[in-house]
1. Evaluate region 105-113: report whether one residue or more is among the β-branched types (Val, Ile, Thr), part of a strand (DSSP E or B) and within 27 Å of Val58 (Cβ to Cβ).
2. Hey, which of the strands (runs of 3 or more DSSP E) in region 129-173, taking only ones fully inside, have at least 3 residues that are in contact (Cβ under 8 Å) with a residue 40 or more places away in the chain and touching a His at 6+ places or on another chain (Cβ under 6 Å)?
3. If you check Glu55 against the conditions, is it part of a strand (DSSP E or B), loosely packed, with under 15 Cβ neighbours inside 10 Å and at pLDDT 90 or above?
4. Which ones in region 58-103 are small (Gly, Ala, Ser) and modelled with pLDDT of 90 or more?
5. Identify the residue in region 7-25 that is part of a strand (DSSP E or B) and in contact with a Pro (Cβ under 8 Å, 6 or more places away or on another chain) and, among all such residues, is nearest to Leu133 (Cα to Cα).
Amino acid sequence: MSARARVDFTEGDRAHVTITYLVQATPESREVPLTGLLFGDVEISSVQVSIAGTESPVAITHQPGERLRASIPLGTTVLDEGPISFVLRYEVSGAAPSEGVRDLRVPVLAVMWPPAEALPGIFRAELLLPPGLTVLGSFPSDLREVEVGGPYITELPVLPALLSLRVTDGGGRLRVITILNTAVLVLLGVVLVGGWRYLKGTE
């Protein structure tokens, strides 16, 4: 099994998620089970699947503990044992307040069939951000910007339950560093002035 996810935060107040799955089915397989978790005020809507050239809605069932369940019928898609590819699309809203420091959270609707081996690159995701945001932290922690202004990328040996970025508007990180550097310079100045006065007093 493998999964390739693309999360687009650039189209307003909703994140648009696309996950392309490649799973290993058997002749007995009649559906692909999915599971997910909600975090905070996040909601998932408009879930669609495209499989074998046909697009259809996916019904989501809410269970205790903010757990989500769903399944994708395979119908006559599985004629013999082999890989099945399908594309899952959904929207995520209610990630966080619109200003200041906030977390952009995206639950992953994950196939419940485990991969045969936990190999690097089983899951790969790219997150697109609107301009003017500064990233302060992420989950998974290895989410990285491959080039300035480009998407944030991660590769994992398993499917995560969540993708999350802590962001702030503008150069938030730069402002924090500037404040800290200024504080250090002021403290150093105070120490130097105090030392100079002490030396003058001992002359």
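1. Yes, that holds for at least one residue.
2. Correct list: empty, since no element meets the threshold.
3. yes
4. Ala59, Ala70, Ser71, Ser85, Ser93
5. Leu22
Okay, residues lined up against (1) surrounded by 11 or more Cβ atoms within 10 Å (Cβ to Cβ); (2) within 21 Å of the chain's Cα centre (by Cα); (3) more than 26 Å from Asp169 (Cβ to Cβ); (4) in the same structural domain as Gly150 (by TED's automatic domain parsing):
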site: Thr35; (1), (2), (3), (4): yes, yes, yes, yes
site: Val42; (1), (2), (3), (4): yes, yes, no, yes
site: Ser46; (1), (2), (3), (4): yes, yes, yes, yes
site: Ser50; (1), (2), (3), (4): yes, no, yes, yes
site: Ser71; (1), (2), (3), (4): yes, no, yes, yes
site: Val87; (1), (2), (3), (4): yes, yes, yes, yes
site: Pro120; (1), (2), (3), (4): no, yes, yes, yes
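The values are calculated or read from the model by the stated rules, or taken from the named source; none is laboratory data. These numbers come from a predicted model, not from an experiment. Quick reminder, even Gly has a Cβ in these numbers, built from the backbone with ideal geometry, and neighbours come from all protein chains shown.
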